Every structure is written in structure tokens, then in C-alpha cells.
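Notes follow once the structure below has been shown.
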Amino acid sequence: MIRVESATRRYGSLTAVDQVSFEVEKNEIVGFVGPNGAGKSTMLKMLSTFIHPSEGTVTVAGHDAVAEPLAVRHNIGYLSGDTPLYQEMRVDKFLRFIAEARGLTGDALEQGLKKVIDLCSLDTVLKQRVKECSTGFRQRIGLATALVHNPPVLLLDEPTHGFDPMQVLAFRDTLRSLRENRAILFSTHIIGDVEAISDRVLIIHQGRLLGDGRVQDLAERAGIPGAGLEEVFAHLVRTTAPTHV
Ligand code: ADP
């Protein structure tokens, strides 16, 4: 569903993403992990067609992100910390507005709304204005807007940012329930999120992909069998030569 081949993105002289290749298939939740500034958001923005790769190719659901951006957008739900929410609108009206903008009408519209309201547990805030909702609810509203058209690919940039521990647990459950028939790629610098819900991890540091696989396999490959993700990450960073970035 997601295919990235030698993608590079430069901002002036800075190489934010450097020759990165990976794939994500249906029924997979993949955690994209790396410290702040590693290039995670840049990669997700290329996948969601907001920016173009400087080199390489990015394909989503069989469509090239540069040549067919509308087809890609049709197939993705994208959530980032800066996803705009209309603060003054009531939550129910806002969700309906987004669903209509996504082209949903009639039964598909009503069913789509009902499904995301249930899934994201938004029934208690439907009559509130967006700006009156807590951070956790606002993030769930964002997730609902990303899901309302039932996309086969979900791209989530730091989805648990600003959550309290209970909200983190609830969000992990929601994400697990969305796994079937979807390819989900989510970025985070929180190791616990990745270990709790990912089938596979992509480790990125200074724009370069240092690891791609299940944590236990990466640990074995690194010669530290049984190690957790934190240790594997530290090992990969230590043993990889610094770049020009
Ligand atoms: P992450 O999401 O892993 O925190 P980003 O993809 O946001 O990392 O950033 C990767 C690098 O690219 C950082 O050094 C960041 O400062 C730089 N960067 C990101 N966006 C821009 C931009 N619009 N212009 C210039 N540099 C940018």
C-alpha cells in the first residue's frame, strides 16, 4: 500500500530525508521512530503529497504522490499536530463539513459519521465547539476527520502528542481496532507507543533509515538478542557513521 524508493528531500543545503526506502502492507501497523528532527514529518508530508521528494519515488495505493496527488489524497487519512480544526464550529457540524468536503453524501455520509463518532468516542462532545474540547478530544476529532472517508492508508504524525497516560492507552486501542484491511504508518519519538502497537518499526536518524523490521529481529541482527527498542535504537545510532547533515 505504501512504497517508498530512495526518497530524498532537501531543504536548501539540509538533507532532511536521505535515500529512504521501505514498504507498508495492508493489515500492518508500522511505527516510524526517531528523535526530533530525524525526518519523520518530512517523510509523512511526502506521502501525503504536501511536499515533493527531491529525488526518488513515493507511491500510495499504487499512485505516484507527485504525478497523481489527488488519487493519493483520496486513499489516505492524514493526521498531524498542525491539522487545522475549525475552532468555532460545533464538533458534529465540523465532522459533517469534512465528510461533505470528502465527497460523501446520503447513506454513506450518515454511516461514515456514525462510524467515526463511535470509533473515536466523540458522542459526549458532539454539541460542544471544537475550541472547548480538551487536547485528547481534539486529537480524536482530528483522527475522525482522517477516517471519515474510510481510507485504506492512515498516516499519523505524532498521534499521541499532548495526551495524558489514559488517553495514550485509549488511543492505542483505537489504532489496533483500525488495523484490519489498512496500512497504518505512525511517527513518534515515544518508544512505548511503538513497542505497544507496532507490527514493525522503521528507525530513522538524521534523515537516514537505520533499521526496518520487528524489534526482536533488529535486536538479533544488531547482536543484542532480547534487547528492547530503546537499546536497539541507541546501538544503531552509535554504530552508524555520522552524515553530512
Ligand atoms: P521530525 O518529524 O523527525 O521531528 P522533521 O521532518 O520535522 O523531523 O525535520 C527534519 C529536518 O528538516 C530538521 O532538521 C528540520 O529542522 C528540517 N526542516 C523541516 N521542515 C523544514 C522546512 N520547511 N524548511 C527547512 N527545514 C526544515
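The values are calculated or read from the model by the stated rules, or taken from the named source; none is laboratory data. Since the model is a prediction, treat every value here as computed from it, not as a measurement. Heads up, the Cβs are rebuilt from the backbone with ideal geometry, glycines too, and the neighbour counts pull from every protein chain shown.
Some values worked out for this structure:
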read-out: Given (1) within 12 Å of the ligand (Cβ to nearest atom); (2) closer than 14 Å to L147 by Cα; (3) β-branched (V, I, T), number of the condition I117 does not satisfy; value: (1)
read-out: In the stretch 1-18, the residues that are surrounded by 14 or more Cβ atoms within 10 Å (Cβ to Cβ) and under 21 Å from P69 (Cα atoms); value: M1, I2, R3, V4, E5, A7, T8, R9, R10, V17
read-out: Qualifying residue in the stretch 139-161 (condition: assigned by TED's automatic domain parsing to the domain that holds S48 and farther than 23 Å from M46 by Cα); value: no
read-out: Selection within the stretch 8-49 - within 12 Å of the ligand (Cβ to nearest atom) and of a type in the set (G, A, S); value: G12, S13, A16, G34, G37, A38, G39, S41
read-out: Residue within the stretch 206-225 that is at pLDDT below 90 and surrounded by 14 or more Cβ atoms within 10 Å (Cβ to Cβ) present; value: no
read-out: Counted residues, the stretch 131-172 - those being part of a loop (DSSP other than H, G, I, E, B) and surrounded by fewer than 18 Cβ atoms within 10 Å (Cβ to Cβ); value: 6
read-out: Filtered residues of the stretch 120-169 (kept if of a type in the set (A, V, I, L, M) and without any contact (Cβ under 8 Å) to a residue 24 or more places away in the chain); value: M166, L169
read-out: Residue that is farthest from the ligand (Cβ to nearest atom), among those in the stretch 203-219 that are touching a residue at least 24 places away in the same chain (Cβ under 8 Å) and outside any strand (DSSP E or B); value: Q206
read-out: Qualifying positions in the stretch 50-63 - in contact with a Lys or Arg (Cβ under 6 Å, 6 or more places away or on another chain) and under 15 Å from R73 (Cα atoms); value: I51, T59
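Listed here are the residues, each with its yes/no results for (1) modelled with pLDDT under 90; (2) over 17 Å from C120 (Cα atoms).
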{"position": "R140", "(1), (2)": "yes, no"}
{"position": "T145", "(1), (2)": "no, no"}
{"position": "N150", "(1), (2)": "no, no"}
{"position": "E195", "(1), (2)": "yes, yes"}
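Here's the yes/no breakdown for (1) among the charged types (D, E, K, R); (2) in contact (Cβ under 8 Å) with a residue 24 or more places away in the chain; (3) part of a loop (DSSP other than H, G, I, E, B):
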residue	(1), (2), (3)
A38	no, yes, yes
M46	no, yes, no
G77	no, yes, no
K93	yes, no, no
